[in-house]
Structures are given as structure tokens and as C-alpha cells.
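Novice: Structure incoming, see below.
The values are calculated or read from the model by the stated rules, or taken from the named source; none is laboratory data. It should be emphasised that the depicted structure is a prediction, and the values quoted were computed from it without experimental measurement. Glycine also receives a Cβ, built like all others from the backbone with ideal geometry; neighbour counts cover every protein chain displayed. Remember, those area values only see protein heavy atoms, side chains included, never the ligands or the DNA or RNA. Shrake-Rupley method; radii C 1.70, N 1.55, O 1.52, S 1.80 Å.
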Amino acid sequence: MKNKIFYTLNLMIIHYPIVIWRLLFIGLIIFAPFSKASSQTYFQQEVNYQINVTLNDRHHELSGSETIEYINNSPDTLHFLYFHLWPNGYSNNNTELAQQLINLKGKQKLFNDPELKGSIDSLDFKVNNEQVRWNLLPNQPDICQIWLNKALKTGDTLKITTLFHVKIPKGVTSRLGHIGESYQISQWYPKPAVYDQTGWHQMSNQDQGEFYSEFGSFDVNITLPANYIVGATGNLQNQQEAEMLDQLAADTTWIKKLGSEKADFPPSSAKMKTLRYTENKIHDFAWFADKRFHVLKGKVKLPGSGREVTTLVMFTNQQAKLWKDAIPYVNNAITLFSKWNGDYPYQNFTAVQSALSAGDGMEYPGITVIGLADDAYALDEVIAHEIGHSWFYSALGSNERRYPFMDEGITSTNEVRYMSERYPNKKLWEVNVKNLKLAKFFHIDQMPVKLMRELEWLSQARDNLEQPINLPADDYTTLNYSLMIYNKAGMGFNYLRAYLGDSLYDLAMHDYYHQWKFKHPQPNDLRQIFESRTGKDLSWFFSDFIGTTKRMDYSVMSYRNQKLLVKNKGELMSPFAISGMIGDSICFEKWVDGFAGEQWIDIPPGNYAELKIDPRHITPELFRLNNNIRTSGLFPKADPIRKQLYFSLEDPEKRYLMYIPGVNWTRENGFMLGMAMHNGFLTPKPFEYFVMPFYAFHNSDLAGFGKISYNITPYRKLIRKATISLEGTQFGAPDNQNYHKIKAGLDLFFSTNKMSNPLTHKIYGNYISASNLFQIERLEKAKMSSFLQFGYQLEKTSIINPFKLLVSSESGQSFLKTSVELNYKLSYYGKKNGLDIRFFAGTMLKNNPEIPFYAFSASGRTGPEQYLFQGTYPDRFSVFPGSFWSRQVTFSEGGLVSPVTNKLGYSRWLISLSFTSNLPGNSNWIPIKPFVNLLMNDHGLGTGHNSPFFYEAGLKAGLWNFFEIYMPLVVSGNIGSVTGQFKDRIRLVFKLDTFNQSKLNSGTGIRIK
Ligand SMILES: [Zn+2]
């Protein structure tokens, strides 16, 4: 960046009516904070805790007592209080925590396993020393309601006491737990829910979804065996313990003689110690204890006040090699975040390494727990992120459950800014590929590391699957919680900073921090401060970018006489930057306020090779191919095509031609040499193609397959995505013929009103013109036949009990058939285990007995029966069971394995039911599954066969969805009468095109912190 100009003035003159309106609006905003109504409605309760707790490390239990001072600063009289009892989230499999974990990771024993179960009990609530009535909420055992004997009036104070006992779960499910004798003690004590202007905010413990708590003081005494080392929220009050930690930190000789990564726990000493921690103006207290911790200590001077903060890191041998360098990470983050947001709010900060099962790291006031990190860079990043929460969570106590963007989004922005300041030249490959040769091969060696976040977000945004940034945590799909809150919101605040400039943005953030420190800010409070501090109408950001999924897509139309014509093709009318470029270097950057339609923009004089919107990738531009224009040349808007072997991450500024050389073989074509070509499948695009032409040496002809599709993604319409596609197929057939097929299709994917709803539906229609396979097989000259297909598909994509329902019809010149197919998985314990149930019913509304294979097939279809040439069959026209490849089938319709097609197979109607199951136990890795198929069709009803009912049972084995062998061991009499011996019933499934059909989704880099 060489030259940064704020260029709003010119635009203001052109658009004076808008400007007048805006000035009025800004005026309103500036005066708004002075109105009495808004300043009087804010209040916050005060909750002061005194807790004594003892750790029993033989039974993994806590026993404690708690005294709470609750001060009612609200204008309301309270008759009851809600208390959180979050360890009860681990008490059974019906809690919100359990349900989230099960939905995310599949059916499992979870809290029915005594080791994983956690709970809080022995509660004995007294208010002002009097017994009170209290009850757990129905179906929410982690929340209780305490009924006050005497109402609590405005300004009055209550003393609430209780004993409590916590069973600490094994720490493999969420945030609270122990791994052996290493303890992560968070969300562990009875705690009042927040009561604010909008009422009570009682909330169950969740994994995806954080917290909201009242500020107050904590005075906590922790008693445990004397040889534990403890990291905790607050300030340690024991002189002796502090000296012990200083000594541990001072002696770093252990670094040279570092033992095994998996050091055992030393025996706990019989002697107990009690550690006291105190702190004011915090809203939570967490502690971590391990007898094996190494300790390092540092100091950091805050840039604003010069105040000194003590920093500590605690870690085990397991990650000591990385953590021995962690003090500077902590200190750098505290320094930079203090500079950007205002001074760090507390006197010390501790980062603890521990086994963590909820994300990469978890924040608590003054302390964070960090899971296992891959390398120094990742450790620096996750520590920085968690330290960022000292502002956006600890001090600014927003409702994280309702507005996760206010803590995670802004923290991610700080993290990204920190990382780009610390590692300005970090490349994506260094983090995600870690091999320069590979990176060069895939042409990603120059991609900056931050592009990964953009690409991850794009994969969802281009498919029209975004959700607004201001939703509650549990309204998001798991993927979107990460992509909208961390990636997109993180990018968004960075965008706002780039637009405002660092100094103005930082001033506004400082204001926000100082006004709302130790309070409960709402999104509007943040907006008000930004708009009053900057004097700008930021509704494009706070209303549209945060509150909707409006998309940003500015497009360069033409360039003439130092003026650039830009068209807004998106819905978001937000500012954007234009730059003049020479090669990759930016000559100027000019910000333009958002507009609808087209606008001519003045370009500062200069000799630029190219003009480009947002070359620094600051704005969430959905399409970047239309962002640039060259100042000379015949086709100034054309983007050069980048060729790439196989596939690669796609730079959104480039057009790709990716190619995969391939060989192929079919009996008719013989050996084939060819090439698959596509324009990338990691990032969805409006126009997509995949063509795979081959030269066939046997018949000296062309063979292959190709598909082009165009995707339309309207904004907030009934249809989420419409895909128009055109497919062509040509392969050799017997008698030196060729089989041709052309297919034109339309797929309409519907929007769902709530994205977390796992039900999706689509309708489709296809027109197909294909060589008449019946004629080909009779060695006649094949004519083209036409087919029409229509269908409706309802799919539930959850991990537990997913299903797919398809209602479809197909017609040709001489037949019409309609059918219903349901595939349902009854999930067992374990992520993919289950009973697969398939139901199929179909009837021919019009039938052509001349060509039997148009009717419903009882068995899986072999190559000669695939009249639409589906599937890849190396020896498609071989007759069963003549050769190995003739055993290849594709299951559809009746779905029987035994080859009953010839005599009993094709029917006017059929109903079938199939079952395939995992073997009992944890058998995901044993590739054998038993199956049972049942079928009824119109044969046997008066055709001399004594029963219309078919059954078979057997085993299938193989690599799922790619190569499978089916062996029907037991068959019904009517099947037996037409299929001969067992060996003549063995069939195989070979799905070569699984790879084409599956859309690779790189989950790399998506992490919750
Ligand atoms: Zn976070």
C-alpha cells in the first residue's frame, strides 16, 4: 500500500440528497446517547462470591460451600432467582449439552458411561440463613429456580448460601473434566443467571454456545494435595505458594533434560494446602490443577498506563518444547491488544496447556486453557485468540450465547491482526501443507495464510448457505458457527477497520472498551459508539453486513478517461477500495462509499497497468473475477487461465483449467488415453465444468463424458440454488456402434427457513436423448430415444437417523413409471454405524412388454440393462455370469442381489424392503455387513410361480461406496429356481465415479477457539 486516500468527499457532492439525509441521521445518532431513556434503562446486578472448595483426586470430586451476595440493582422486585448448575449438563443424555454432542458426533453412550458422567448435588440453598424452596427446571437439570421467602426489592441485598458436591466427568466431552489427575475446573459452582433489561437469561450448558454472567468479586479457597500446581482466575493470596511458583519459574534447567512426553502423575502428597484467589469485577472463575506442570513467568508493561502485568504459563512435558517459548506470545498479545483496545483489565494472566475437548482453547477471566498445538505458530495464534477474549468476554461481558459475534467475531479480528503483524509474510502452505515442493506443485506457494479463511467462507457463501452474523449460537449449523462467527465476522471487523483507518477504528474500540468495561454491552451499544465516534452512518455494516446475508459483489464494467465504471451486482451497498496496480504492487488505494446500480469513479492520475477492486482481500467480495480491468490491450477484462495438474486451492482472482491425465478401458473401446478437465471443485462457481474425453485405440474413436452446469443463487428466495446442466456421453457399443446420450437437467434446491433444520429438499427435471440400447443389443442400427424424469427429494442430513426420500417418475416413448424410495439409517452407537433400511415401491403407469428392461427390475441392473447407460461398466455388454465384469451391478428399484432378472425380474409393480447392518460392537473397521432383502412383485400372481414373495439374505464385503462384493447365502424358492448355484449369485459393485460425484470439502483450518 503506497497511497491511501479517503475519497468520500467527491461522492458526497454528487449525491447530495443522500448526504443531507445521512447528516440528519448522524445528527440523531450523535444526540441519542444524551437522551434520558437510554441511559436510565441500563442496569446490572452485582454478585459477590465466597467459595471454599476441596478437591478429592482419588474420586475426582469437589466438595464445597458457597456464600453469594446478590445485589438487586434492577428497577424490579424479584420473587425468584435462576441459578446455573452447569455440571448437571453432564448428568444424562437428555441435557442440551448431551443432545448437542450426540447430534454432532453421533449416537454414543456419553453420560450413560459413569466415567463421562458429571453432576452437582448436595445442594442446600438458604437465603439470608433461611431454608428456601427451589427446584430444577423440567428437562434442564443444569438450571434451578430459587423461590425467595421474601421478595427482593430494588437496591436490596440477599445472602445466599449452599453446600455443593461435584462429580468431575472424564474430560473428553466438553469444557469441565479431568484426564487422570489433571483437572480442568470450569463452570463448576452454583451461579446466578443474568437478569438485565430484557429479563432473566437462564441458559443450559452447551458445547456450541457460550455464556453470560453477572460481574462481581470472587474470593475462592481451593484445598488440594500440596504437590499440585494450580493456575486460576484472580490474584493468588498465599505468599508461600507465590514464592514456590517463582522458584519453579526461575529454575529452567529441566528444559535441557526434558523427559518423556507422557510423564506419569507423581503420587499425591498426603499433606493438603489451601490456596486463596481474589479478584473484583469478573464474571467467572476457573482453575486448572496438575502435579506435572512446568511454570514460566514473565512481566509486561501496558502501553497506556505503564502498569505491569504478571504473566504465567503452565504446561506439561507433552508440549514443553513448544511452551518453553510461550511467555513472549502472551506478552506480545497483551501489549498489542492493549494498544488497539485499551489496557489489559487485570493484574495477571495465565495460559495453561491441558487436554481440551471443546475447541483449541477456552477463555476464562485472567486465564485460558489451551489444547494440544501443532507447532509454534499455531500455539502463538491460539494463545493470542484466547488473550483477545480478556477484552471481548472477560471485560466486555456480552451475552455470548445470544450474540456470539460480539466476543468470537471481534476476538478473531484481533487475532488475525495480531498474526499478520507478527508474521506478515506467512504463507498458507506453511500452515496447511507444510511442504514447499507440494505447495509449488499446487501453485499455492505464494498464497497468504489469511486466504484460507476467505476460501473456507467462500465455499459456503457461493452455495448460498450463509447465515446472518447476529444470530444466537445454537441457530448456526456447526460449519456456519465457525464460518460466519469466526471467519466472516472476523473479516468484517477487519473490513470496518480498513475502511475507517486504524487510528479511527482503534479510537472507537477504546471508547467501546472504556464505556462498557465490566458491563453487558449489546450490539447497538457497539454501533452507537462507532457511529458517534466516526460521524459516519455505518448501517451498511451494523444492519446489513451483521444482520443479513446480503452479498457483496462489485464488478468493473469499463474504464475511460480516468474514470472507472463500477456496477454493484450484489445486495450489500457497502464501501469498497479501488487500487491502481503495476504487477502485484498497489500504486494507490481509494475508498468509495457503497451504492446501488452503476457509478463512474474518478481515478487519480498515474500509469497503472491494471485497476482492481480490493486487491488486498479486505472486503467479503463473493466474486473477484469481475474485479479488475487492464488499462490497455484488446480484452482488458479477460482473466488469464491458470493451468493446474489434478486440482488445487483456487485463488478467487484467477480462472482455472485443471486437468488429470487418465487411462480407461472398456471392451468395445479397448485401451483409452485421455484427460479429465475441470475448473476446480473446492470453491463453488456459477459456471462449472467437468469433461473427460478419451481417445480409444481399439475402435479409433472418441469416447468420454462431459458435464457443464450453471448455478443461480438468488438472494433470500424460495429457491436457494438452481442448477442448469448439460451432459454428454459417448462410448463404444457392440457391432462398431457408439452409444450417445445427451442430458439436460434442472435441479432446484429449496431454501430452508432455519438453517439448523437438517431437512433439505429439491426437485429436478431431466430431458434425456439417448441411443436405444435395446436396438444396440440386437445389433440393429440404434435410433435416439427420449426420456423425461421428474423427482422430488427430501433429505435429512443429520448424523443420527439420516434419511433420503425420493418420489420420481420417468417416461419414454413407450412407458411411464413412477416410484417412491426411502433410504433410512437407524443409527447405532458410533458415528457411522447403523441399520440401513431401504424401502422401494414402484408401478408402471404405461408399459412396453417388447422392451422388458424399461419395467421395474427386481435385481440390481447389470450393464446391458442400464438403458440410460448409468455407471461405469468396463464390460457393459457382457452377459451374466459369463465373465468377472458381468457380475457388476448397480442397485436400484427392487434391489435384489440374486440375478432374477431374466424370468421373474421385470414387473409392472414391485415393493421391496432391504436391511443392511453393521456387525454388533465397535465394528466400523470390519468391512463385512449382513443384508436381508425382501421383495414382492406381480410375478407369481397367475404366472405359474407359486409366490409373489422373494427373500434373500447374505453378506457384503468391501470398501464402502467404491468396491463391494455381495454374497446371497440364503434365497427363497422362487429365486433358487431361476438362479442356480450360490457362486452364480455373487455380484459386485464398482463405483468408479464416486470421486466425480463427491464434492471435496476441505475441513482444514476450521477450528473453534
Ligand atoms: Zn474464542
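Novice: Rounded if a/c is under 1.5, else prolate if a/b is larger than b/c, else oblate: which is the range 618-663, with a ≥ b ≥ c the root eigenvalues of its Cα gyration tensor?
Specialist: oblate
Novice: Can you show me the helix-derived [θ] at 222 nm for the chain, built from DSSP H runs with n ≥ 4 at -39,500 (n - 2.57) apiece and divided by the number of residues, rounded to the nearest 500.
Specialist: -5000 deg cm²/dmol
Novice: Provide SER892, SER886 ordered by accessible surface of protein heavy atoms (probe 1.4 Å), highest first.
Specialist: SER892, SER886
Novice: Would you kindly derive the ³J(HN,Hα) couplings of the range 265-278 from the backbone phi angles with the Karplus curve 6.51 cos²θ - 1.76 cosθ + 1.60 (θ = phi - 60°), listing them in order in whole Hz, with x for Gly and Pro?
Specialist: So the J values, rounded to whole Hz, are 7, x, x, 6, 6, 6, 6, 9, 9, 10, 9, 10, 10, 9.
Novice: Now for a separate question. List every residue whose amide H lies under 5 Å from the amide H of ASP156, counting only residues 5 or more places away in sequence or on a different chain, with H placed 1.01 Å from N in the peptide plane.
Specialist: ASN72
Novice: Which net charge results when you count Lys and Arg as +1 and Asp and Glu as -1 among the other residues whose beta-carbon is under 13 Å from that of ASP284?
Specialist: Surrounding charge for ASP284 is -3.
Novice: Next up: Once you place label points 7 Å from the Cα toward the Cβ at SER751 and SER769, how far apart are they in nm?
Specialist: 3.6 nm
Novice: Moving to a separate point now. Computed FRET efficiency, Cβ-Cβ of PHE884 and LEU959, R0 25 Å: what is it to the nearest 0.05?
Specialist: Between PHE884 and LEU959 the formula returns 0.90.
Novice: Each label point is 7 Å from the Cα along the Cα-to-Cβ direction; what then is the distance between the points at MET677 and LYS781, in nm?
Specialist: 3.3 nm
Novice: Moving on. Accessible area, 1.4 Å probe, largest first: how do ASP735, ASP325 sort?
Specialist: Greatest to least solvent exposure: ASP735, ASP325.
Novice: Given a Förster radius of 45 Å and the C-beta distance between LEU163 and LYS256 as r, what FRET efficiency does 1/(1 + (r/R0)^6) yield to the nearest 0.05?
Specialist: Here the calculated transfer efficiency is 0.40.
Novice: Near the amide H of LEU657, under 5 Å away, which other amide H atoms are found, from residues 5 or more places off or on another chain, if H is placed in the peptide plane?
Specialist: Those lying under 5 Å, H to H, from LEU657 are ARG642, LYS643, GLN644.
Novice: Another question, if that's okay. Per residue, how large is the accessible surface of the chain? Use a 1.4 angstrom probe and give square angstrom.
Specialist: Result: 42 Å² per residue.
Novice: Cα centroids of the range 59-75 and the range 370-391: how far apart, whole angstrom?
Specialist: 31 Å
Novice: Through the Karplus equation 6.51 cos²θ - 1.76 cosθ + 1.60, θ set to phi - 60°, convert the phi angles of the range 291-308 into ³J(HN,Hα) values in whole Hz; use x for Gly and Pro.
Specialist: Coupling constants for the range 291-308: 7, 9, 4, 8, 10, 10, 10, x, 9, 9, 9, 6, x, x, 9, x, 4, 9 Hz.
Novice: Starting from the Cα gyration tensor of the range 236-275, take the square roots of the eigenvalues, sort them a ≥ b ≥ c, and report rounded, prolate or oblate (rounded when a/c is under 1.5, otherwise prolate if a/b is larger than b/c, else oblate).
Specialist: Note, shape of the range 236-275 comes out oblate.
Novice: If you roll a 1.4 angstrom probe over the protein chains with everything in place, what fraction of the accessible area of the chain belongs to carbon and sulfur, to the nearest %?
Specialist: That fraction is 57 percent.
Novice: Does the range 99-187 come out rounded, prolate or oblate, given a ≥ b ≥ c as the square roots of the eigenvalues of its C-alpha gyration tensor, rounded meaning a/c under 1.5 and, failing that, prolate meaning a/b above b/c?
Specialist: The shape class here is prolate.
Novice: How big is the antiparallel share of DSSP beta bridges in the chain, given as a percent to the nearest 5?
Specialist: Here the antiparallel bridges make up roughly 90 percent for the chain.
Novice: Calculate the FRET efficiency for TYR646 and GLU421 from the Cβ-Cβ distance with a Förster distance of 45 Å, rounded to the nearest 0.05.
Specialist: The computed FRET efficiency comes out at 0.80.
Novice: Please list the non-local residues whose amide H lies under 5 Å from the amide H of GLY732, H modeled 1.01 Å from N, same-chain partners needing a gap of 5 or more.
Specialist: The answer is ASN669, TYR739.
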